Structure formats: C-alpha cells, structure tokens
Amino acid sequence: MKRDFIPYTCSIVRGGTSKGLFFRANELPGPGESRDRIILRLMGSPDLRQIDGLGGANSLTSKVAIVGPSDRPDADVDYTFGQVSVDKPKIDWQGNCGNLTSAVGVFAVAQDLVPVREPETTVRIFNVNTSKIIHVKVPVSAGRASTVGTYAIHGVPGTAPGLLVEFLDPAGGVTGRILPTGNVKDVVKLRDGRTFTISVVDAVTPVVYMRAEELGLKGTELPTEVEAMPAVLSLMEAVRCEAAVLSGIVERAEEATEKSPAFPKIGFVSKPQDYVNPEGKPIPADSIDITARLGSMQKMHRAYMIGGAVSTGAAALIPGTVVWDSLSDRARSDGTNLVIGHPYGPMEIRMERDGEGIRKVSVFRTARILMDGVAYLPADAVGPEMKE
C-alpha cells in the first residue's frame with residue numbers, strides 16, 4: 001500500500017550560534033526545484049512560525065546543510081549550504097554559513113565520512129557554494145566527536161569542546177573578489193538624496209559595512225533595539241540593495257530583496273565602546289578592538305555570523321575600509337588578531353597573510369548534534385519525482 005508520507009533521514013545540529021537541518025547528500029535529489037520544495041516543506045516555510053516544520057522561525061535556525069563524500073584530493077567531504085527563508089518559498093544557495101561549517105566537521109565524524117583519529121580529527125571540507133576549502137579540527141573521544149569541554153562562546157549557554165575552524169584563501173567567497181566593488185570605500189546615494197559611506201568586503205561571505213553614526217546610532221545597540229527601529233532596518237536594506245548592484249550580485253537594486261535576500265550581509269561598526277550584553281553583562285571597551293553588529297535576511301543577527309567575522313577580519317587588514325577606520329590602535333599594529341565586540345561579547349579572529357593576500361582566517365567555535373532521526377514529508381508536498 002502506498003504511503004501518504006515520505007521519510008527523510010536527517011540530523012538537527014548546532015554550529016556556533018546557528019542551527020540547521022543536516023542531510024547526507026544521497027538522501028535528497030540533486031539541485032533544483034524538487035530539492036527546494038522538499039526542504040521548504042520539511043522546514044515549514046513559508047510561515048513566520050514554521051509551525052508545521054523543523055525550522056526555528058528565525059534566520060539563525062532556518063538553515064540546511066547537505067554533506068557527502070568528496071572526490072577532491074584536498075577534501076574529505078563536499079558541503080552545500082542553504083539559507084531557508086522563513087516567510088517566503090525561497091532558499092538562497094549563494095554563500096556559506098561559517099557557524100554551521102563548524103557543525104559539518106562534527107556531522108562528518110558522526111556519519112563516518114572521514115577516518116577518525118584521536119584526540120583530534122581534521123575534517124577537510126569543500127564548500128560547494130563558494131568553492132573554498134575549510135578545515136575543522138574536531139576533538140574526538142572513543143571514536144566520536146567529544147561533547148564535554150570547557151570552551152565557551154558568547155551567545156551559546158554552557159561550555160563544550162572548542163573546534164578550530166580554518167578558512168583557507170577566503171577572499172571572494174561569493175563575488176570572486178575581496179573588494180567586490182573594486183574600491184576600499186564607496187558612497188551610496190539613495191533615491192531620497194541621502195548618502196552613506198560603505199565598504200563591501202567579501203571573504204567567505206560579502207558584507208556591507210556602514211558607519212553606525214550615519215545611521216543615527218551609537219553602535220552599541222543590541223539586535224532587539226535595532227529591530228524596534230523599522231526606519232533603520234528599512235534604511236539598511238535600501239543601502240544593502242544598492243551595494244548588491246555595485247558588487248555585481250544583482251542588476252537592479254529593486255531586485256535585491258527578492259533575488260538575493262541573504263547576500264550581501266550588512267552591518268554597522270564603531271570604535272571600541274563599553275556596552276552591556278543581552279544577559280546584563282558589561283563588555284568593557286578595552287576588551288575589544290571594534291564594536292560591530294551584523295544583519296541577515298532583513299533582520300539583525302543575535303550574535304555574529306562566522307562568515308561575517310571572517311569578512312570583518314579581512315576588512316581589518318585593508319587600510320581605508322570602514323572597518324579599518326574603527327579599529328583600535330592595537331588591532332591596526334598587530335595585524336594577526338582581531339577581537340570583535342558583538343552583541344553578546346568578544347570574539348577573537350586570527351588572520352594570516354600570504355604576501356598581499358590573506359592565507360587563512362581562523363576562529364574557535366563549538367558544535368553539537370542535537371538529534372538524529374527521520375523527518376516526515378506529506379506525500380502531496382512534492383511532485384512525481386519524489387523519493388519512494
């Protein structure tokens with residue numbers, strides 16, 4: 001008797017401050033409309049609550065990772081990332097999520113996709129979206145990814161083993177150029193005549209950097225405060241759309257929100273300042289090198305996306321960018337370490353140069369498999385090519 005549902009084996013995995021639905025590559029159809037329909041239905045999109053799916057009703061928790069063995073000599077697994085829209089029937093496959101990349105390492109170990117070595121297994125990942133290689137060093141115990149450790153990241157409760165995530169040759173992850181517009185700075189003029197100074201830097205992911213003061217902000221505002229300012233969010237999206245044209249991502253600004261909602265990201269920066277995080281903890285200015293906030297999918301990121309952090313690290317190495325202008329003297333003179341003051345607190349980024357280029361940007365994350373199981377898809381949700 002024909003079933004009225006279709007089972008899909010998957011895992012829910014947290015990586016850094018993000019969470020996503022993970023599939024082995026052979027569990028889903030290849031790229032195309034059928035795969036998108038399956039994922040959207042399993043996640044519960046489009047619906048602001050994603051109540052009939054596995055999404056978490058937030059861009060940080062509405063993500064998908066597809067992981068399988070790689071044929072490349074320099075990689076163990078191929079990994080494809082999708083940013084699943086919460087309220088629209090759309091998946092953006094253009095870029096990568098740095099936070100979720102750390103979880104790919106843990107997933108690859110759990111799925112026996114790599115030879116496991118103790119006490120640490122290096123998982124070599126080829127990100128299909130950006131054609132970049134990433135190494136994740138996974139602490140291993142008794143043949144499995146360790147789950148107990150002492151490393152903590154701001155924005156995630158508790159502690160866990162620290163995973164070193166190394167982004168090799170990160171420049172031009174989406175656009176092919178570290179400075180997609182060709183300029184260290186650009187001036188964007190909106191239709192109402194207002195102008196804004198921006199820098200667009202693409203390392204793993206392209207980010208549009210604005211000056212907090214040009215938005216009428218101090219720069220220490222928390223994400224919930226900014227989201228209570230619809231005029232500011234609207235202004236940031238208008239600037240992002242213009243920057244998407246300058247970066248060659250879309251042809252017209254009017255198309256950017258629909259055609260490329262996730263890339264470029266956008267954020268604002270300011271000099272190091274004292275602020276209080278969402279948990280009431282004071283973050284002193286002398287513990288950070290820059291105060292920064294990022295947004296994605298027309299919302300503010302609750303912490304700081306890792307792809308965005310890599311971009312910020314790269315921007316900190318380029319004199320004259322909006323990021324460079326806001327750096328502490330310590331960060332400018334050091335050139336190898338950057339401490340970003342994001343909403344929850346400090347995040348340290350390590351940078352390595354290769355001549356004039358950037359060889360590697362690294363960051364520590366934590367990740368954990370939350371659930372392995374089967375997701376059930378109503379049989380009428382997809383077309384006749386659906387999985388039997």
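None of the figures in this text is laboratory data; all of them are computed from the coordinates on show. What you see is a predicted model; the values in this text were computed from it and never measured. Note that we place each Cβ from the backbone using ideal geometry, even for glycine, and neighbour counts take in every protein chain shown.
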The extension gain from E237 to V184, computed as 0.36 nm times the residue separation minus the Cα-Cα distance, is 17.0 nm
Report, in debye and to the nearest 20, how large the dipole of the chain comes out about its Cα centre when Lys and Arg carry +1 and Asp and Glu carry -1 on their Cβ.
260
Computed for region 237-302: size of charge dipole around the Cα centre, +1 on C-beta of each Lys and Arg, -1 on C-beta of each Asp and Glu, debye to nearest 20, value 160
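Quick one: if the Förster radius is 22 Å, what FRET efficiency do R350 and D74 give, using the C-beta to C-beta distance and rounding to 0.05? If you can, show how the numbers build up before the last one.
Numbers: r = 21 Å, r/R0 = 0.97.
Once rounded, the FRET efficiency stands at 0.55.
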If I fit a long axis through the Cα atoms of helix 230-246 and take the longest principal axis of the Cα atoms of the chain, what angle between them do I get, 0 to 90°, rounded to 10?
80
Give a residue-ordered list of calculated ³J(HN,Hα) values for region 91-96 (Karplus: 6.51 cos²θ - 1.76 cosθ + 1.60, θ = phi - 60°; whole Hz; x for Gly, Pro).
10, 8, 9, 6, x, 10
What ranking do 38-47, 290-299, 317-326 get when scored by the average of other Cβ atoms within 10 Å per residue, highest first?
290-299, 38-47, 317-326
Rounded to the nearest 10, the angle in degrees between the Cα long axis of helix 98-110 and the longest principal axis of the Cα atoms of the chain comes to 30
Each label point is 7 Å from the Cα along the Cα-to-Cβ direction; what then is the distance between the points at D112 and T197, in nm?
5.8
When only C-alpha pairs under 8 Å and at least 6 residues apart count, what is the relative contact order of the chain, in percent?
19
Compute the acute angle (0 to 90°) between the alpha-carbon long axis of helix 33-43 and the principal axis of greatest extent of the alpha-carbon atoms of the chain; round to the nearest 10°.
80
Charge dipole (debye, nearest 20) of region 186-351; +1 at Cβ of Lys and Arg, -1 at Cβ of Asp and Glu
80
Gap in Å between the Cα centre of region 188-258 and the Cα centre of region 1-53?
31
Hz values of 3J(HN,Hα) by residue in region 182-195 - Karplus curve (6.51, -1.76, 1.60), Gly and Pro given as x
x, 10, 5, 9, 9, 10, 9, 10, 7, 4, 7, x, 6, 10
If I build a Gaussian network model for the chain, linking alpha-carbon pairs within less than 10 angstrom, which residue out of N129, N58, N183 has the largest mean-square fluctuation?
N183
In nanometres, what is the gap between the two model label sites at R177 and T224, each 7 Å from Cα along Cα-to-Cβ?
4.2
Given an 8 Å cut-off on Cα distances and at least 6 residues of separation, report the relative contact order of region 205-363 as a percent.
23
Roughly how many nanometres apart are two label points built 7 Å out from the Cα toward the Cβ at A379 and R359?
5.8
What are the lysines whose alpha-carbon lies under 24 Å from the alpha-carbon of K259, with same-chain residues fewer than 8 places away excluded?
K19, K63, K88, K90, K132, K189, K299
